[in-house]
Structure formats: structure tokens, C-alpha cells
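Worksheet for the structure shown next.
Bear in mind that the values in this text are calculations on the coordinates, not laboratory data. Here the structure is a predicted model, which means the values were calculated and not measured. Ideal geometry is used to build each Cβ from the backbone, glycine not excepted, and the neighbour counts take in all protein chains shown.
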Amino acid sequence: MPTQLPLEILKEALLLERRGHAFYTQVAAQTRSEAVRTFFKTMADEELGHMRILEEHFKTFTERQHFADVDAGALGKTAVADEVLNDTLKSQIAAAGFEAAAISAAMLMEEQAVSLYADRARSASDPNEKALYRWLAEWEHGHLNFLARMDREIKAEIWEDNRFWPM
């Protein structure tokens, strides 16, 4: 059963990415803000890209019982980590409770993905599998950092607007 664990991890990873894609797509569809819609659509598109990469690795592993070579440079860097957290996006998320709550939920999903990928990168013996999960962990960590920064800045703005700070 040496193939069971890698296949189970790939299945779990695919499920995480599909859930993320569905979640981000739903938030994008429900928001009235164009800036927020664009942000969540970008997140959904990135999760879709992860799904495609994982599907290819799943197919390769199923057929050959080993992971394909991974060129992390060719896989790219996260677009969200390079996004500017602008005042329009922050204010439009802060103004709507649903979108602010979505940021918190998204952080939990990204934490789960980072944990799965980082754990598997540490425990995998196949160097290509290690490289794949290391890359995915870094990518999702970029998402998590961006969302956490957005969450902190939105909270600070809400606290300031509502004068919650101690005098």
C-alpha cells in the first residue's frame, strides 16, 4: 500500500482547493462591491490553478506510482501576495459584514491548506512530492498572510471608526 498515502493526500488537497474555489466564487458572486468581487475572483482563480496542478499530479501518480518533476519557478508566484491592499478594497470589505466574515472564514481555510501541505512536504520521501507540497504551502501561506493583514487593517479601521480604542 505505498501509493495509498500519497493518493489520499492528493485527494484531500484537491478537496481543499475545490472548497476554496467554491467559497471564493460564492463570495465574489454575492458582493455588491466591484473591488471585493475582483479580489475574491482572483482568489477563486488561484484555487482553480492549484486544482489543475494537483489533478495532473494525481493522474501522473496513479499511472506511474511516482510524482512528476516539479519546477516551482514555472508554477509561478501568488498574484494575491503581490496585490496592493488598497483603501477602496479595505473600506468596501469593512462596510459589509458578510465580506468581513468571509475574510475570517478564508483565513481558516488557508490555515488548513498550509498545515496539510507543510506537513506533507516535511514527511514525503519523494523529492518531487516534497517540492510540490512545499510550493503549495508557500503559495497558501502567501494567501494567509495577505488575508491576515487585511483582517488586521479592517479591524483597526472599524475600531477607530467606532472609537473602541481606550482613551
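Between residue 26 and residue 156, what FRET efficiency comes out of the Förster formula 1/(1 + (r/R0)^6) with R0 = 30 Å and r the beta carbon distance, rounded to 0.05?
Numbers: r = 27 Å, r/R0 = 0.90.
Once rounded, the FRET efficiency stands at 0.65.
In this model, which of 130/155; 41/155; 11/41 are farther than 27 Å apart at the alpha-carbon? Intermediate values should be presented prior to the final figure.
Working: 130/155 36 Å; 41/155 23 Å; 11/41 24 Å.
Over 27 Å apart, Cα to Cα: 130/155.
Across segment 139-145, in residue order, what do the Karplus-derived ³J(HN,Hα) couplings come to in whole Hz, using 6.51 cos²θ - 1.76 cosθ + 1.60 with θ = phi - 60° and x for Gly and Pro?
Once rounded to whole Hz, the list reads 4, 5, 5, x, 4, 4, 4.
From a point 7 Å beyond the Cα of residue 119 in the direction of its Cβ, which residues of segment 16-51 have a backbone N at a distance under 16 Å?
What the label zone holds, given the 16 Å backbone N cut-off, is 16-17.
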